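The values are calculated or read from the model by the stated rules, or taken from the named source; none is laboratory data. Remember, it's a predicted structure, so these values are computed and weren't measured experimentally. Reconstructed Cβ throughout: ideal geometry from the backbone, glycine too, with neighbour counts over all protein chains shown.
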Amino acid sequence: MDRALLIVALLCYLAPTVARDDGRIRILAARWWVPAGLLLHVQGLALALFLDDVPLRSMTEGLGATALVVVLAREWWGRRPRMGALRRILLGLAVLLLALASVSPPPGGQPMKSSPFFLLHVGLVLTGFAGFALNFSMSALYLNVRRRLKRKRLADIGKLPSLDTLDRLILRTMSFGFVTLSAGMVVGFAWAFSRGIPLKSSDLTALLTVMVWVWYAAGLTARALLGWHGRMVAIFGVGGFAVFLLITTVGLLVSGWHGVV
């Protein structure tokens, strides 16, 4: 993904994120910032997909693709009734992901021959992470609404979704992220096995991905068997995304998703 386009898209997303509610700097709240950023974002990712020998193998492209799904989810979910507060959270996440992508190193190691299975693996894993980003946003909004209700801060509370609605959406997004991540891991293991690539204990990215999978598996299991819901599941959603950020940090340190590509 072209870093220049990525950085400009980042700035477009950042403008409405930092815009003040009192409208003192009106240009920052202009409605065209996000569409302009989205256009540049798609263009940069399209260039990577068509020009790179192995699309999405670098941290820049992978995080850029994840951020794109988050922005598209913002446009879809944010237009639903009482979901306006979700728009700023998701846009902030997109800014964070693009910021990490803008400082990520180029892919290391020897170039590999692209294959549909590799692209399917990466696509499913990134979609799973995007699902967890949406789950994080729902979880954070749930905890915020719950805290406001407990403290009797009821001003404009009618503009926010109910706790029951958020609880259902937390389950859906967590399940979606878990299923797609699981599928991506299965495809990745099968692809590595078919190419004779051994699984290394030093592959921190793979190990931390498994940690994320175990974390969300525990959250879904606790909900199904122990009846957990609401606050506890929301905390799981926030904590799981923190582990995802740890994965991206490790990826930056080892110069690639798995320290090889």
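So which residues in the range 142-156 are under 27 Å from ALA67 (Cα atoms) and surrounded by fewer than 24 Cβ atoms within 10 Å (Cβ to Cβ)? Hits for the range 142-156 are LEU143, ASN144, VAL145.
When you scan the range 170-180, do you find a residue that is touching a helix residue (DSSP H, G or I) at 6+ places or on another chain (Cβ under 9 Å), among the small types (Gly, Ala, Ser), surrounded by fewer than 17 Cβ atoms within 10 Å (Cβ to Cβ) and not in a helix (DSSP H, G or I), even just one? Within the range 170-180, none of the residues are touching a helix residue (DSSP H, G or I) at 6+ places or on another chain (Cβ under 9 Å), among the small types (Gly, Ala, Ser), surrounded by fewer than 17 Cβ atoms within 10 Å (Cβ to Cβ) and not in a helix (DSSP H, G or I). Restricting attention to the range 137-162, the residues that are more than 12 Å from the chain's Cα centre (by Cα) and part of a helix (DSSP H, G or I) add up to 16.
Let's see how each residue does on (1) in contact (Cβ under 8 Å) with a residue 60 or more places away in the chain; (2) under 24 Å from VAL214 (Cα atoms):
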{"residue": "THR66", "(1), (2)": "yes, yes"}
{"residue": "ARG146", "(1), (2)": "yes, no"}
{"residue": "ARG153", "(1), (2)": "no, no"}
{"residue": "ASP167", "(1), (2)": "yes, yes"}
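Among the residues making up the range 1-35, a single one is more than 16 Å from LEU97 (Cα to Cα), surrounded by 17 or more Cβ atoms within 10 Å (Cβ to Cβ) and at pLDDT 85 or above: TRP33. Of all residues in the range 106-126, none satisfies the criterion of being at positive phi and at pLDDT 85 or above.
Being part of a helix (DSSP H, G or I) and touching a residue at least 24 places away in the same chain (Cβ under 8 Å) holds for only one residue in LEU225, LEU134, and it is LEU134.
Given the condition farther than 20 Å from ALA15 by Cα and modelled with pLDDT under 85, answer yes or no: does some residue in the range 91-105 qualify? Yes, there is a match, as at least one residue in the range 91-105 is farther than 20 Å from ALA15 by Cα and modelled with pLDDT under 85. Is it the case, given these coordinates, that ALA140 is more than 18 Å from LEU181 (Cβ to Cβ) and at pLDDT 90 or above? Yes: the conditions hold for ALA140.
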